[in-house]
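Nothing in this text is a laboratory measurement; each read-out follows from the coordinates by a stated rule. Quick caveat, the model's predicted, so the values are computed rather than measured. Ideal geometry is used to build each Cβ from the backbone, glycine not excepted, and the neighbour counts take in all protein chains shown.
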Amino acid sequence: MGKTLLEKVWEEHTVRTLPDGRTQLLIGTHLIHEVTSPQAFGMVRDLGLKVLYPNRTFATVDHIVPTDQRAEPFSDPLADAMVKELRKNCTETGVTFFDLPSGNQGIVHIVGPEQGITQPGTTIACGDSHTSTHGAFGAIAFGIGTRQVRDVLATQTMAIGKPKVRRINVNGKLAPGVYAKDVILHIIRHLGVNGGIGYAYEYAGSTFDSFTQEERMTVCNMSIEGGARVGYVNPDETTFEYLRGRPYSPKGTEWEAAVARWKAVASDKDAVYDDIVNFKAEDILPTVTWGITPAQAIFIDEKIPDPKDLPEKDRDTAAEAIEHMKLPAGTPAAGIKIDVAFLGSCTNGRLSDLQEVAKHIRGRKVASHVKAIVVPGSQVVASIAEKMGLAEIFREAGFEWRGAGCSMCLG
């Protein structure tokens, strides 16, 4: 009987099974940032321990680093203190730090892939819920809490329960104007925000096969919004070509050996899954969320639903959302006026996202009542976009063009 990618990676990284049934799992790559790491470093020091494998931890600043006024000291004293603390911790422990002056700073889930740190067949942990992004490369990646950040720093392992695997097949060709974000919102709309609890989502089918690596990252990124701590796509030639030549990718003869390993880690054709769900690409249309959960999603040509028309389990939440959003039932989604437009985040702050939006806003102007902001996901993305003239397109349209970081996603 064949194995899934998750089973292969899990077995390879298992140190032992703990008495409570969880796995002591070796973490191949550890990513950290300024918000959840200071306390973890402090706990390691308080225990009289050291960072065990500093070469397996990579740091950047993203969560609360300013994206407008970047000169230090920052006007926000908390942000200033956290960035300085991470800088100090990395210097003292030898952890690689993509700091602001490096030209490589950015959102941790964008920096990892673009640097070639994220690779197939490994385990990746980070103190952030959207770590599932890295699953787009065929890695088993998940968010962890601060105590677990401590554990990984000190032991390069952590205790975690092995999830079941749900294969989500999407087959067919997407219509023009339908994107990877629409696909994952469609999945969450149908499976719910709790549907993935206890599962890893394996995304498969011809639609995912045709996706670019960045599109796959968008889908895997939002697995957690569907309740799945882990989401992944089996690695293929698209994955390998994305990684080829990146700073931390294997080089020379090591490259061919790595690709051979990466190919072998993909799920076997006769792998057995705990659940399989199928979707048709042609059923997916441009999608927006209207309420207070990602599952409250509708197509752009639909209307805000009436709670009484929904399944009983969804009625109270829908009524709460309607009250909170001040959107009466029956309001057409396409007619809703917005106050803010934000392009960025670890979901949609990559170069391809900026390119796609720039195509549509070229020669147009942001409405006078709308605040529009573009926050590139990394300094590398920003630099390339500026050289391509994208920044100027956004500025001419009335967008603010900012430095790299999480920005509005965190608040």
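A compact table of results
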quantity: Likely footprinting exposure, Y201, Y179, Y248, fewest C-beta neighbours within 10 Å first; calculated: Y248, Y179, Y201
quantity: 222 nm mean residue ellipticity, helices alone, for the chain (DSSP H n ≥ 4; -39,500 (n - 2.57); rounded to 500); calculated: -10000 deg cm²/dmol
quantity: Candidates V272, V375, V35, ranked by Gaussian network fluctuation over the chain, Cα under 10 Å, top entry; calculated: V272
quantity: GNM flexibility winner over the chain from I298, I393, I336 (Cα, springs under 10 Å); calculated: I336
quantity: Given K3/K164; K162/K313; K181/K280; K8/K162, the pairs whose alpha carbons are separated by over 21 Å; calculated: K162/K313
quantity: Relative contact order %, the chain, counting alpha carbon pairs below 8 Å whose residues are six or more apart; calculated: 19 percent
quantity: Label-zone membership for the range 289-322, site R364, 7 angstrom Cα→C-beta point, backbone N under 19 Å; calculated: 289, 299-302
quantity: Residue-by-residue Karplus 3J(HN,Hα) for the range 199-204, coefficients 6.51, -1.76, 1.60, Hz, glycine and proline x; calculated: 10, 9, 9, 9, 8, 8
quantity: Candidates G198, G143, G103: whichever shows maximal mean-square fluctuation once the chain is modelled as a Gaussian network with Cα springs under 10 Å; calculated: G103
quantity: Cut-off under 5 Å, modelled amide H: who pairs with V35 long-range; calculated: H63
